[in-house]
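These notes concern the structure reproduced below.
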Amino acid sequence: MQKNERLILTAVDYSEQGVAVCKHEGFVVFVKGMLVGEVADVLIMRVNTRQAFGRLMEVIEPSKDRVEPRCPIAYQCGGCQLQHMSAEHQAEFKQKHVTHLFDRQFATHPEVMPIISMEDPWFYRNKSQVPFEVKEELEYGYYRAHSHTILPYETCYIQNDESNQILKFIKDFYFEQSVKPVDLRHVLIKKAFATEQLMVILVHKTKTLPLMNELTSALLTQFPKIKAIVLNVNKKEDNVILGDKFIPLTLESTIEDRLGDFTFKISPSSFYQVNPVQAKVLYDHAVKFAQLKGTETVLDLYSGIGTISLFLAQKAKKVYGIEINPQAIEDAKANAELNNVSNVEFLVGDAKEAVRFFIEEKIQLDVILVDPPRKGLDKDTLDAIMTLSPDRLVYVSCDPSTLVRDCKLLEETYTVEMIQPVDMFAQTYHVETVVLLTKNLNNLRKA
């Protein structure tokens, strides 16, 4: 097999990222945009020892699951990977992916419950963070896959529509003023779906954005639902979007959203699930898996602004929320007070150190819930959890691979009981999963 060779290939499987897997003369060929069962004309772009990467040139025999992507740059953009799949096939792909990962690691083959998908899988994100740059004129867009080249767009079909309108307004504002804000790096927009409040964060290299006051006034006039506009100063030349300094440009610097029975205060730097419709589904299942009867003490690790903690507090005797971000903890405390929840306590701290604290203080925990970042739990945290050994562990994960890895490492003390995938990220290969692990009574680790 050689670069630039044209081959007729059949897709037989998918990679974890939803890329089609084809096989040819001992080579595995990855082709973005193909569906399993399809026959296509493929141009070989790169060849390694036993792997190759091809470009889809023409689908010769299309799958019944193929649909026309709604977005004109879907194949080039790094944001959506599965718009060419029907909603049913996306659900099937994610279901099989999670099932396969667990089956490969666990001889017991724990059952994976049917994935919970969205009724309307479009315009669902409550947060957009979009890079800006000045070439001949000010442009914005998402990065082309595997690059830092910006692909301009006007409508992103998974972002909320207000975000699309605000981004275009900012670009047009500077064009009409004949001003090129060369140090404007990103614009981050948050929308509270229940209250419809909006927050705009302008990420700039310095604390003085050109026409800052005029832009603020124009945004507030054009979009009355904007409650907060904040300037974020980020001088660093790296991939981190937000800097440490926030300068409010409006009287308010937070917005409020409602989820379930609770109201949540959201600040510029705090984490809040990007899909509020599915977040409610996710949290309800996390609480269900915790099997609370009102007498339990629960530890919520990576608690953020306290969303899951407050859901748990409805059913538990006491909840402790641990989060390393001090601003998120301040928001969490404010949220508990806002909702008159008194049986929850929020503490700033690292996850593994927090668990060790509970061990040292001999505080008995009945349930631990973890919702770590994509990289999962580190070994020290896993060891500390097994030493503390609560009756139940609820693991909320945005990466099935690290989830399964961690569940396998916990196998000495815990048994996987229930697995519930939730499609929080329609049109992408990402999937959220909630797992219940119960203590293995035959093999305890002593504290």
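Since every read-out is calculated from the coordinates, none of them should be taken as a lab result. Source: prediction; values computed, not measured. Quick reminder, even Gly has a Cβ in these numbers, built from the backbone with ideal geometry, and neighbours come from all protein chains shown.
Remark on the chain: hydrodynamic radius 23.9 angstrom, per the Kirkwood mean of 1/r across alpha carbon pairs.
Bridgeable lysines around Lys288 (alpha carbons under 23 Å apart, same-chain partners fewer than 8 residues away excluded): Lys94, Lys280, Lys315, Lys317, Lys318, Lys408, Lys439. Across the stretch 301-306, coupling constants 3J(HN,Hα) worked out from phi with the 6.51/-1.76/1.60 Karplus curve, θ = phi - 60°, read 8, 6, 7, x, 8, x Hz, and Gly and Pro carry x.
In what sequence do Glu119, Glu88 fall when counting other Cβ within 10 Å, fewest first?
Ordered by Cβ neighbours within 10 Å, fewest first: Glu119, Glu88.
By its C-alpha gyration tensor, with a ≥ b ≥ c as the square roots of the eigenvalues, how is the stretch 355-445 shaped: rounded for a/c under 1.5, else prolate for a/b larger than b/c, else oblate? Judged from the Cα gyration tensor, the stretch 355-445 comes out prolate (a/c at least 1.5, a/b above b/c).
Across the stretch 1-65, Cα pairs under 8 Å and at least six residues apart give a relative contact order of 32 percent. With all pairs of different C-alpha atoms in the average, the Kirkwood value for the hydrodynamic radius of the stretch 243-323 is 14.0 Å. Packing-based ranking of 230-240, 344-354 yields 344-354, 230-240, ordered from highest to lowest mean Cβ neighbour count within 10 Å.
Estimated from helices alone, the mean residue ellipticity of the chain at 222 nm is -8000 deg cm²/dmol (sum of -39500 (n - 2.57) over DSSP H runs with n ≥ 4, per residue).
Sorted into 10 angstrom bins from 0, the C-alpha pair distances of the stretch 178-268 split as 16, 46, 29, 8, 1 percent.
With 16 Å as the cut-off, how large is the P(r) tail for the stretch 1-65, expressed as percent of Cα-Cα pairs?
Of all Cα-Cα pairs in the stretch 1-65, 34 percent lie more than 16 Å apart.
Would you mind checking which residues have amide H under 5 Å from His186's amide H? H placed 1.01 Å from N; only 5 or more apart, or other chain. Result for His186 returns Phe132, Val203. Look at where the Cα atoms of the stretch 257-335 and of the stretch 114-158 average out, and the two centres are 28 Å apart.
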